[in-house]
Amino acid sequence: MKQTLLLSALCIFSSFVFVNGDVASDWIMFYRSIFNQYNKYSFPRVKQSHTVDVTLSYYLNGINNFDEVAGELKTVGFLKVEWKNELARWAEQPGGMSAAITDTMIPISDLWFPPLALVNSVNSLAVLGSSEDLVAVQNTGENVWRPAVILSSSCSTNPLYFPFDTQTCNLTFRAWDHIQSEITLKATDTKVRLDFFSPSEQWELRDTEIISWEREDISYLTFSLKIRRIPLWFVINMAAPIGLLGLLTTFVFLLPIEEGRVGYALGSFLTFSVYLSYIIDSLPRTSDPMSYLTIYIVIQVIMSGSVSCISVFTVKLYMKDEEARIPNYMALCIGFICCKFCSKEEEIEKEKTAAELEEKENDNLGFSPDEENENQQNQESSPQPEELPTSSKFGVPNIKWKPMDADGAEICPDEDRIAFLNVEVPRVGWKMVAKTIDIIFFLGTIAAHTVLAFFFLLPIVIQY
């Protein structure tokens, strides 16, 4: 009864296991003679102290996803694992067989196989493969196993040049619970096989490398993938709007003060804050290194907030009473910037020229200096008002009435001169002060944006 059950099982088993023979009876006899006494838990060497060389090839089918925030790479492919089993060999045509049997397919559950594991897996450190996998076995003892694998490996990211960044991710394998003197992992190729590779829409595979190494008497084999981000989506949806917002923030200082420039500046500040949070969600939480683009946006947020504060300040200056006195140091600075001293010299020259022309006209009309003196004496002898407006009233300077000299020129009091510079403080209004500050900060923000682009954006584009 027991033998009948065994023969039935072998017949069923032969229906899905393929051999290079003619009839199923050859397989039954072959399996009895070769694998009936085989122990799958035996190390595949006649001398158990000898090392088993296991060669690996990795066929990459595609990159499913790369989550740079979590640092996880998902790939699809299969491994080609080869080793030699000295305990599972047979003659090319065993005795009693009707045909030669040089190779066959055996379920992996009936054979010894190297317990391979992905060391840097993010899910679990489990042995790869399935009990339903088949192993191609040759009569010389050569075994070939092709397990399909969907790997989720950890990958430390470098977001320095985001979104023009290039990442290097590794798939590191080892034989679990075996030291190097027992199982040594070797590579059959120098690159990852791309025979069935399908390109990704987000990442471009730039290069691959295979590295064999050992640590603490354990053999490791690493398949290195160098991938580069396809940046078009990020450029259109992220980088271009950020650059445009920075440019628009600069033009706040060119808006008329009466047209609500403070609201515009605050809106720009809030928009930068939203984009900063959006980029932070797309990058790993790491400070070493930090993305150039993140630093650029943080500085842009600070600049946008500063522009809002300066806008409030300039609006306050613009709305001040024009008759209110301007501090000397401020008037002096505005005078130098607006070239008031140059214009004053030009006015003096124009007055001299006008005086000379008037004198020539008087000579032509026959108007003598004696007559002019007589008219002047008559004017002096005419009755004068008892009290004229003075330059001070109740001990406070009267800004509406300026003291004049005999020639009708305004007398500059001591507080309107800078003593150590010996210059007269120019007369400027608060509106001129506000407009001058706008021009200064407009040019300053343009210079700042140029410097920021040179130090933070240019390196990103160049390295790509």
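Every read-out reported here was derived from the displayed coordinates using simple, explicitly stated rules and does not represent laboratory data. For clarity, every value in this text was computed on a predicted model and none was experimentally measured. Backbone-built Cβ (ideal geometry, glycine too); neighbour counts: all protein chains shown.
Odds and ends about this structure:
- Take the Cα radius of gyration of the range 190-308 and divide it by 2.2 N^0.38 Å, N being the number of residues; the result is 1.65.
- Linear extension gain, I280 paired with V69, 0.36 nm per residue minus alpha-carbon span: 75.0 nm
- In this label model, E259 and D133 are separated by 7.0 nm, measuring between points 7 Å along each Cα→Cβ vector.
- Counting Cα-Cα pairs of the range 49-160 in 10 Å increments starting at 0 gives whole-percent bin shares of 12, 35, 27, 16, 7, 2, 0.
- Cα→Cβ-extended label distance, 7 Å offset, between M290 and L247, nm: 2.7 nm
- In a fully extended conformation the segment linking S224 and I179 would gain 13.9 nm over its present Cα-Cα distance, using 0.36 nm per residue.
- Point-to-point label distance, Y464-A447, nm (Cα→Cβ direction, 7 Å offset): 3.0 nm
- Inverse of mean 1/r across different Cα pairs in the range 129-204, Kirkwood, Å: 16.7 Å
- Projected onto its three principal axes, the C-alpha set of the range 98-161 covers 67, 23, 15 Å, listed from the longest axis down.
- Proximal charge balance of T208 [Cβ under 14 Å; K/R count +1, D/E count -1]: 0
- If you bin all the Cα-Cα distances of the range 16-230 at 5 Å, starting from zero, the percentages per bin are 1, 7, 13, 17, 16, 13, 11, 8, 6, 4, 2, 1, 1, 0.
- Entry note, the range 16-230: relative contact order of 24 percent, from Cα contacts under 8 Å with a spacing of 6+ residues.
- Backbone geometry of the range 196-211 corresponds, through the Karplus equation with coefficients 6.51, -1.76 and 1.60 at θ = phi - 60°, to 3J(HN,Hα) couplings of 10, 6, 10, x, 8, 7, 10, 10, 10, 7, 8, 6, 9, 7, 10, 10 Hz, x marking Gly and Pro.
- Centroid-to-centroid separation of the range 222-294 and the range 300-318 [C-alpha atoms, Å]: 20 Å
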